[in-house]
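Peer 1: Submitted below is the structure of interest, expressed as structure tokens.
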Ligand code: APR
């Protein structure tokens, strides 16, 4: 049977996700947006590329949630992106209301879907999506760690002069200034990164990774990144649809793991047909644990603000 992925938001991230899914022939795609014409036009454009790409999927654009019915996966990208000088947290209340209304509609038509959240501030928006949908935590997963890790791997590979595909790394924590690149677990084909790069080089790359989103916003000026974010989303979509069971850093609701409860934060997750199938608790030293705690505390502050505003 054909699989179906709905993408909410036909902007930069959403349309790029649709294109990548169609290019890979992974699933039929429904692209939905509040603006009339944009999802229809972009979906048709992507569909018309399929004969050239050699794929055979259905791509439709709509403004009506009825067309999203019975999706296997719903990717939530609608919302405002950052502008220069803004932090992801500045988007909190505006995007919370968008996430709440979109997820309520999508969950009604696709009660068995797995939700992948992309709208920022990511970890807080995952919280809104879980509360709104009432879905269990294995079906509400946030995309941030795959992107942050891809940025980290890119910069490390560049500095080491090696293939980025040989760089194995994991960035945990919230999707923001407090993210936690795990240097101790980072290697080039198993060779610890500390044997290849100096501590100064690594520290510089950790900081550049933390600022990776802002670096792109600084260049673009009118919006935020979308090529690497959409690649990251599609890696998660593929792992679920093909039951690949990849272990990827994703925002997941902790229920006691890492000593926290009821908070979304980036941790190593196994993604398969059931969505989030397992959270790995890696051994952390004191400073790594403190950094992850600080990151979880920063997410909790945002969730508390949401709570005070009726979310
Ligand atoms: N319902 C459906 N679509 C909506 C709604 C809504 N209530 N509100 C806004 N949108 C749509 C907009 O019409 C627009 O097409 O969401 C889309 C957002 O697209 P962009 O402005 O291009 O933003 P993008 O770069 O795709 O980022 C979207 O992902 O990475 C995050 O921080 C980023 O929160 C932002 C989100």
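Peer 1: Is it the case, given these coordinates, that residue 55 is within 15 Å of the ligand (Cβ to nearest atom) and surrounded by 15 or more Cβ atoms within 10 Å (Cβ to Cβ)?
Peer 2: No; evaluated as a whole, the condition is false for this residue.
Peer 1: Please go through the range 210-239 and give me each residue that is within 12 Å of the ligand (Cβ to nearest atom) and in a loop (DSSP other than H, G, I, E, B), ordered by number.
Peer 2: The answer is 222, 223, 224, 225, 226.
Peer 1: Pairs, please: C-beta under 6 Å, at least 6 apart or cross-chain, first residue closer than 17 Å to residue 199 by Cα and in the range 145-174, second in a helix (DSSP H, G or I) and at pLDDT below 95?
Peer 2: Qualifying pairs under 6 Å: none.
Peer 1: For the range 277-295, does any single residue satisfy the condition of being in contact (Cβ under 8 Å) with a residue 24 or more places away in the chain, more than 17 Å from residue 135 (Cβ to Cβ) and buried (at least 22 other Cβ atoms within 10 Å of the Cβ)?
Peer 2: Checking the range 277-295: at least one residue is in contact (Cβ under 8 Å) with a residue 24 or more places away in the chain, more than 17 Å from residue 135 (Cβ to Cβ) and buried (at least 22 other Cβ atoms within 10 Å of the Cβ).
Peer 1: Same structure again: Based on what the data block shows, is residue 78 within 17 Å of residue 125 (Cα to Cα), within 12 Å of the ligand (Cβ to nearest atom) and more than 19 Å from the chain's Cα centre (by Cα)?
Peer 2: no
Peer 1: Could you tell me which residue of the range 58-71 is nearest to the ligand (Cβ to nearest atom), considering only residues that are out of contact with any helix residue (DSSP H, G or I) (no Cβ under 7 Å at 6 or more places or on another chain) and in contact (Cβ under 8 Å) with a residue 60 or more places away in the chain?
Peer 2: 71
Peer 1: Among the residues of the range 154-172, which ones are in a helix (DSSP H, G or I) and surrounded by fewer than 24 Cβ atoms within 10 Å (Cβ to Cβ)?
Peer 2: The answer is 154, 155, 157, 158, 159, 160, 164, 165, 166.
Peer 1: Identify, please: which residue in the range 90-99 is within 11 Å of the ligand (Cβ to nearest atom) and surrounded by fewer than 19 Cβ atoms within 10 Å (Cβ to Cβ) and is, among those, modelled with the lowest pLDDT?
Peer 2: This residue is 90.
Peer 1: Within the range 1-24, restricting attention to residues that are part of a helix (DSSP H, G or I) and away from the ligand (no atom under 16 Å from the Cβ), which residue is farthest from residue 112 (Cα to Cα)?
Peer 2: Among those that are part of a helix (DSSP H, G or I) and away from the ligand (no atom under 16 Å from the Cβ), it is 23.
Peer 1: If a residue must be more than 30 Å from residue 28 (Cα to Cα) and crowded, with 23+ Cβ neighbours inside 10 Å, how many such residues does the range 207-246 contain?
Peer 2: Qualifying residue count for the region: 1.
Peer 1: Could you list, in sequence order, all residues of the range 107-133 that are assigned to a helix (DSSP H, G or I), touching a strand residue (DSSP E or B) at 6+ places or on another chain (Cβ under 6 Å) and more than 10 Å from the ligand (Cβ to nearest atom)?
Peer 2: Result: 123, 126, 127, 129, 130.
Peer 1: Checking residue 27 against (1) touching a residue at least 60 places away in the same chain (Cβ under 8 Å); (2) near the ligand (Cβ under 10 Å from one of its atoms), which test does it fail?
Peer 2: Unmet for residue 27, out of (1) touching a residue at least 60 places away in the same chain (Cβ under 8 Å); (2) near the ligand (Cβ under 10 Å from one of its atoms): (2).
Peer 1: Is it the case that some residue within the range 39-49 is touching a strand residue (DSSP E or B) at 6+ places or on another chain (Cβ under 9 Å) and not in a helix (DSSP H, G or I)?
Peer 2: No; the residues of the range 39-49 include none that is touching a strand residue (DSSP E or B) at 6+ places or on another chain (Cβ under 9 Å) and not in a helix (DSSP H, G or I).
Peer 1: Looking at this structure, is residue 134 without any contact (Cβ under 8 Å) to a residue 12 or more places away in the chain, touching a helix residue (DSSP H, G or I) at 6+ places or on another chain (Cβ under 8 Å) and surrounded by fewer than 22 Cβ atoms within 10 Å (Cβ to Cβ)?
Peer 2: No: the conditions fail for residue 134.
The values are calculated or read from the model by the stated rules, or taken from the named source; none is laboratory data. Only a predicted model underlies this, so the values are computations on that prediction, with no experimental measurement involved. Quick reminder, even Gly has a Cβ in these numbers, built from the backbone with ideal geometry, and neighbours come from all protein chains shown.
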